[in-house]
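Readers should treat all values here as calculations from the given coordinates under stated rules, not as data from a laboratory. These numbers were taken from a predicted model, which means no experiment stands behind them. Neighbour counts run over all protein chains shown; Cβ positions are idealised from the backbone, glycine included.
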Amino acid sequence: MLEGPKVSQSELAKRFGVSQPQICRIIKNKERILSEWHRNGDPERKRKREGKDVALEAALLRWVEGARAADLPVGRPLLQLRARHLARPDPEPSGGWLARLGARHGLAGKKPPAEKGDAEQPTVEHWAGAVLPGLLRSYTPAEIFACGETAVPLPAGAPGKGESPGERLTLLLCANASGSEKVPLRAVGDSPRPRCLRGVNLEQMPWSYRASSLAGLTAALFAEWLREFNEGMRRQGKSVLLLLAKHEAHPYLQLSNVRMVFIPLAAALAHPLDRGIAGDLKGHYRRRLLRWLPAERGAGQPSLLDVLHMLAQAWGDVHPGLIASCFRAAGFTPDAGAEAVSLTSGPGLLGREQLERDGDPAEADGDEGMAEGEDAGELAAVPPCPSEREVWRSLATLRRYLECQATSPDLFQAFYELEDAVHMVSAG
């Protein structure tokens with residue numbers, strides 16, 4: 001109307017039932033009002049009202065813009081989670097505040113870019129052939145990480161597991177493209193306070209455990225893990241790339257040392273974890289479950305705590321060369337065309353032949369030592385060889401001591417190697 005035939009301010013005031021000074025102010029601030037209207041998420045909105053916490057509202061809107069730029073859907077649960085995090089240490093924003101924010105800025109029904117027509121979306125071939133290589137060139141293989149989830153079954157009747165019918169754990173796996181760094185496992189079960197974890201120093205375990213309904217990973221649990229992962233990279237002074245699949249449980253977070261890049265849904269099968277990493281972990285886990293000997297250990301089915309230790313050992317058994325090969329097979333390394341790394345056994349554990357070879361001289365030396373100069377009393381003081389059940393009970397006692405008193409997760413790596421060595425000897 002202001003662009004049409006000239007009309008007096010008094011006439012406009014009569015037509016709209018307002019005062020003439022109000023019309024004057026509107027004409028004076030025409031450009032600013034139009035600019036704010038264009039930026040407004042709701043074109044039907046007639047009043048400009050600010051929320052009570054302008055800073056929190058602005059920070060949340062910036063996060064929404066970043067999430068939509070990454071082609072991620074922004075739903076009510078994710079908005080609540082992010083608002084709760086941004087509001088700390090102030091009280092958590094109410095549901096009414098969030099609803100009014102969505103109404104003011106059109107967040108409730110606005111579709112993210114990922115839901116537009118297929119013609120507006122880049123093809124998977126373009127993403128894999130142009131977008132991904134450009135991202136990878138800025139990082140070394142040691143700085144390129146991929147994460148994802150996989151599920152493993154719990155043994156039937158395992159003490160400490162929940163009552164839900166799933167009888168499984170969800171594992172969050174994360175490793176880098178060179179295989180030099182495997183992030184400790186995050187396991188999600190359905191039991192919030194397992195009895196077998198009481199007294200365990202959980203902060204110093206080579207794994208971590210969380211609980212959720214049906215043992216599934218939620219957006220809140222994943223956001224917690226993301227912040228811990230980012231803090232770990234910050235302490236190391238590293239800036240890394242994190243590749244992950246789009247999922248409602250994978251919220252987008254703006255992190256200081258981690259750049260999140262979401263793999264298009266159509267390319268999810270090319271994830272390095274699906275190329276053999278998760279399968280190799282499950283194979284090692286099954287092998288350790290089958291190796292569980294109740295008679296020797298003096299116990300029944302392994303508990304949830306036993307399973308978590310088995311999974312940590314199985315994750316350690318996944319060879320770095322296999323991880324690097326899976327990243328290359330998925331095209332997630334700058335040198336994806338390089339030859340695969342040899343998958344020979346790692347130097348950390350002793351082989352069976354080496355154990356037998358190293359054991360022979362010791363036996364010979366022992367025989368020579370008893371050949372002369374020892375009387376019957378000294379021989380009687382030598383303790384008898386312990387049975388396998390006694391050995392396993394001693395190992396269980398040692399593990400429990402470490403669970404309660406350990407000062408570093410690295411101590412468990414030495415314990416796992418000792419346990420594997422005992423297995424090799426007993427199987428010989």
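Between Lys6 and Lys246, what is the FRET efficiency for a Förster distance of 60 Å, r being their Cβ-Cβ separation, to the nearest 0.05?
Efficiency at R0 = 60 Å is approximately 0.65.
Set Lys and Arg Cβ to +1 and Asp and Glu Cβ to -1, take the dipole of region 388-427 about its Cα centre, and tell me which of Ala414, Cys404, Met424 lies farthest positive.
Among Ala414, Cys404, Met424, the one farthest towards the positive end of the dipole of region 388-427 is Cys404.
Using 0.36 nm per residue, how much length does the chain from Met424 to Arg235 gain when fully extended, once their Cα-Cα distance is taken away?
64.2 nm is the gain from fully extending Met424 to Arg235.
Label points 7 Å out from Cα along the Cβ direction at Ser94 and Ala55: separation in nm?
In this crude spin-label approximation the distance works out to 2.2 nm.
Work out the FRET efficiency for Phe16 and Ala211 from their Cβ-Cβ distance, taking R0 = 51 Å, and round it to the nearest 0.05.
After rounding to 0.05, the efficiency reads 0.30.
I want to check the label-to-label distance for Ala130 and Arg400. Put each point 7 Å from Cα in the C-beta direction and report it in nm to one decimal.
6.3 nm
Once amide H atoms are placed 1.01 Å from N in the peptide plane, what residues at a sequence separation of 5 or more from Ala151, or on another chain, have their amide H within under 5 Å of its amide H?
Those lying under 5 Å, H to H, from Ala151 are Leu171.
Can you give the Rg and Dmax of region 388-427 based on its C-alpha atoms, in angstrom?
Calculated on Cα positions, Rg and Dmax stand at 10.6, 32 Å.
Tell me the label-point distance for the pair Asn201, Arg287, using the 7 Å Cα-to-Cβ offset, in nm and rounded to one decimal.
3.1 nm
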